[in-house]
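The values are calculated or read from the model by the stated rules, or taken from the named source; none is laboratory data. Keep in mind that what you see is a predicted model, and the values were worked out from it rather than measured. Don't worry about glycine lacking a Cβ; one is built from the backbone with ideal geometry, like all the others, and counts go over all protein chains shown.
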Amino acid sequence: MLKFLISLLILVLALLGYVLLGSVFNFSPFNYEGPLTKSETVSVKVYWGKTGNNSDCSKVESTERQVSNSVHRAKAAIQALIVGPNDGEKAKGYLSNLPTDAVLNSLTVRGSIAYADFDEAFQYGVAGSCRVLAIRAQIESTLKQFPSIKKVVISVNGRTGEVLQP
């Protein structure tokens, strides 16, 4: 019985150490970019294209959005991007290049890679290298604001090969 209790204590201390080291060395053992505050909303950045920016299709600018704290922050940020700019943002020339009827099927983070999977509508009407660059820049910038995300993989119904090709 004593050996069991000592083993259990060692296991608990090891798990606690793992979690604490994650906060010291800026990695999350649970890979979670979720709610960190007790408020009902949290602020995230959403990256947009801007009217009149014809020289660099991948140039994006961010605005702050309040999103529900009950939803994974990275997922909420991408959902806000799909909805598009609000009236105030539109008045300042911000625009989204994502198809308005696109649906985010899933967003998962494994290690430092975010996997954003969209439905078929994500591809409809997306043509031209400039628009493809703009969409990719908006999604990648919106997700890379989170410190644990270093790379973004975009797919449609699990397929990555032909997604966002000019």
Selection within the range 95-138 - in a helix (DSSP H, G or I) and in contact with a Phe, Trp or Tyr (Cβ under 8 Å, 6 or more places away or on another chain): 137, 138
Matching residues, the range 98-111, being more than 16 Å from the chain's Cα centre (by Cα) and either under 14 Å from residue 47 (Cα atoms) or of a type in the set (D, E, K, R) (or both): 101
Residue 55 being modelled with pLDDT under 85, under 20 Å from residue 145 (Cα atoms) and surrounded by fewer than 13 Cβ atoms within 10 Å (Cβ to Cβ): no
Hits in the range 82-107 (condition: surrounded by fewer than 15 Cβ atoms within 10 Å (Cβ to Cβ) and over 15 Å from residue 117 (Cα atoms)): 83, 86, 87, 88, 90, 91, 92, 93, 100
Matching residues in the range 64-81 - criterion: being in a strand (DSSP E or B) and either charged (D, E, K, R) or surrounded by fewer than 16 Cβ atoms within 10 Å (Cβ to Cβ) (or both): 64, 65, 66, 68
Leading residue by the ranking (modelled with the lowest pLDDT) among those in the range 36-52 that are surrounded by fewer than 19 Cβ atoms within 10 Å (Cβ to Cβ) and within 15 Å of residue 90 (Cβ to Cβ): 52
Extreme residue, modelled with the highest pLDDT, among residues of the range 116-139 that are surrounded by fewer than 17 Cβ atoms within 10 Å (Cβ to Cβ) and closer than 16 Å to residue 156 by Cβ: 119
Some residue of the range 80-103 being in contact (Cβ under 8 Å) with a residue 40 or more places away in the chain, of a type in the set (S, T, N, Q) and over 21 Å from residue 152 (Cβ atoms): no
